[in-house]
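Scroll down for the structure; my scribbles are underneath it.
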Amino acid sequence: MDRCIVLVDAGYLLGAAASLLAGEPSRSRITVDHAALIQGLRERAESDTRQPLLRIYWFDGAPDRVPQPEHRRLRVMPRVTVRLGALTRSDGRWAQKGVDAAMHAELTELARNRACSDIVLVTGDGDLLPGMMAAKEHGVAVHLWAVQAADGDYNQSEDLVAEADERRVLDRSWITKAVRAKELTGVCAPPPAPRPEIAAILSAPLPESALPSPVERPTDEPPHPTASTAARNGSAERVPAAKGVPTPKDLAALRAPGPQHAAAHPASATLRWSSDKGWVDRPVSEPPDAASMPTLAQLTTAEQRWADREEDITTVGGDPYEVGQVFARRWVERLGDQSHLQKLSGMYPRIPHRVDGELLRYAARFGLLAHKDDQIDERDRYAIRAGFWREIDQRTAVERAPAEE
């Protein structure tokens with residue numbers, strides 16, 4: 001068949017691009033325009049091989065082989081097939097399992113069935129050498145592409161390079177058409193404005209039962225942030241990122257009766273979460289306004305549900321803050337009775353349980369589960385809710401008062 005096929009080892013391509021642009025192979029350091037990247041691969045493959053493209057195979061790893069947001073976007077693109085291996089964590093590092101074997105199997109099967117005349121390999125792993133040799137024996141021309149190495153040296157197996165029929169280096173100018181390095185800002189999301197109530201809660205000492213023992217507490221663990229520190233640094237109490245931030249159970253325990261606690265821990269400042277197992281001293285039921293708050297599912301038509309799914313696949317990334325914003329935007333835009341929006345804004349920082357549970361279930365679609373008891377990581381939950389509230393604030397034009405020194 002006079003056509004070409006591209007096999008991409010995403011771990012190699014994006015890791016090498018991160019090393020080139022950001023100085024380290026972590027894919028979290030780069031932003032990828034997948035549509036532009038796929039289009040660039042297609043154009044370069046057709047130009048180099050002088051054959052029309054049949055298909056691009058994208059090989060990558062994912063926890064439990066569950067497609068991540070980028071995989072969902074890729075697999076609905078024309079002429080793109082996604083193959084997922086496992087992604088496991090060992091010694092603090094992520095490692096792909098089964099990706100090389102899948103690439104080898106696909107390479108040899110395509111060549112054996114004479115599905116194409118040219119195969120482009122974007123990889124550096126020498127484990128594919130037997131598959132490359134088998135493809136050549138079946139009369140397929142093998143093109144090996146490399147990403148420009150950050151140190152100017154090879155970032156591919158020498159045996160693989162020696163066995164290839166044609167070689168090509170994807171240089172910095174080509175890579176930057178679809179990939180760019182992220183700017184290090186020190187925060188993972190735009191910080192919402194602070195609230196005095198949350199600052200008061202976070203600055204209060206934890207009960208003895210909630211504090212780790214001296215043996216358990218790391219010597220370099222930072223103290224809990226104070227209201228004044230939060231105000232000076234402009235940090236967001238809605239997205240506490242430091243280790244040791246009190247849990248909802250800890251915060252409930254702080255609400256001890258007595259006049260000496262009334263000022264520091266106002267009843268209206270209670271933080272509530274949908275995952276409240278083991279929580280103590282909480283209201284018996286939600287206020288009537290919260291109980292009558294409509295869910296997004298109740299406000300969404302079948303046509304809108306289909307459009308939402310398309311947007312989730314093609315546009316929405318996996319950032320927890322963004323996920324919260326998208327959910328809130330849809331909820332507000334479909335809300336017929338705008339009085340609900342004003343009531344919700346007045347409930348800050350508590351999201352009604354019905355809406356909050358739906359928000360977390362929506363977030364779980366984006367691979368935000370911690371893969372342990374199907375729970376979302378506590379830090380991600382802070383970010384999801386922070387994104388939700390930021391969107392609500394923007395829709396209601398609410399200016400949150402800064403925390404007092």
Report summary line: Screening 68, 51 for residues that are over 23 Å from residue 309 (Cα atoms), surrounded by fewer than 20 Cβ atoms within 10 Å (Cβ to Cβ) and in contact (Cβ under 8 Å) with a residue 12 or more places away in the chain leaves only 51
Query raised in the report: In this structure, does residue 370 turn out to be among the aliphatic types (A, V, I, L, M), over 30 Å from residue 78 (Cβ atoms) and at pLDDT below 80?
Result: yes
Query raised in the report: If the Cβ limit is 6 Å and pairs must be 6+ apart or interchain, which residue in segment 128-142 that is in the same structural domain as residue 159 (by TED's automatic domain parsing) and farther than 11 Å from residue 117 by Cβ pairs with which residue that is of a type in the set (Asp, Glu) and assigned to a helix (DSSP H, G or I)?
Result: 129/159; 132/163
Query raised in the report: When the residues of segment 3-34 are filtered to those that are over 17 Å from residue 123 (Cα atoms), of a type outside the set (D, E, K, R) and under 18 Å from the mean Cα position of the chain (by Cα), which remaining residue is surrounded by the most Cβ atoms within 10 Å (Cβ to Cβ)?
Result: 30
Report summary line: residue 96 meets each of (1) in contact with a helix residue (DSSP H, G or I) (Cβ under 8 Å, 6 or more places away or on another chain); (2) under 28 Å from residue 21 (Cα atoms); (3) surrounded by fewer than 19 Cβ atoms within 10 Å (Cβ to Cβ) with one exception, condition (3)
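Listed here are the residues, each with its yes/no results for (1) surrounded by fewer than 16 Cβ atoms within 10 Å (Cβ to Cβ); (2) of a type in the set (A, V, I, L, M); (3) modelled with pLDDT of 95 or more.
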| position | (1), (2), (3) |
| --- | --- |
| 36 | yes, yes, no |
| 43 | yes, no, yes |
| 86 | yes, yes, no |
| 91 | yes, no, no |
| 100 | no, no, no |
| 119 | no, yes, yes |
| 127 | yes, no, no |
**Report entry** Matching option when the condition is crowded, with 19+ Cβ neighbours inside 10 Å and outside any helix (DSSP H, G or I), among 316, 323
**Finding:** 316
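Matching residues to (1) in contact with a strand residue (DSSP E or B) (Cβ under 7 Å, 6 or more places away or on another chain); (2) of a type in the set (A, V, I, L, M, F, W, C):
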{"residue": "20", "(1), (2)": "yes, yes"}
{"residue": "32", "(1), (2)": "yes, yes"}
{"residue": "40", "(1), (2)": "no, no"}
{"residue": "44", "(1), (2)": "no, no"}
{"residue": "50", "(1), (2)": "no, no"}
{"residue": "60", "(1), (2)": "yes, no"}
{"residue": "66", "(1), (2)": "no, yes"}
{"residue": "69", "(1), (2)": "no, no"}
{"residue": "72", "(1), (2)": "no, no"}
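The values are calculated or read from the model by the stated rules, or taken from the named source; none is laboratory data. Computed from a predicted structure; not experimentally measured. Virtual Cβ from ideal backbone geometry, glycine too; neighbours counted across all protein chains shown.
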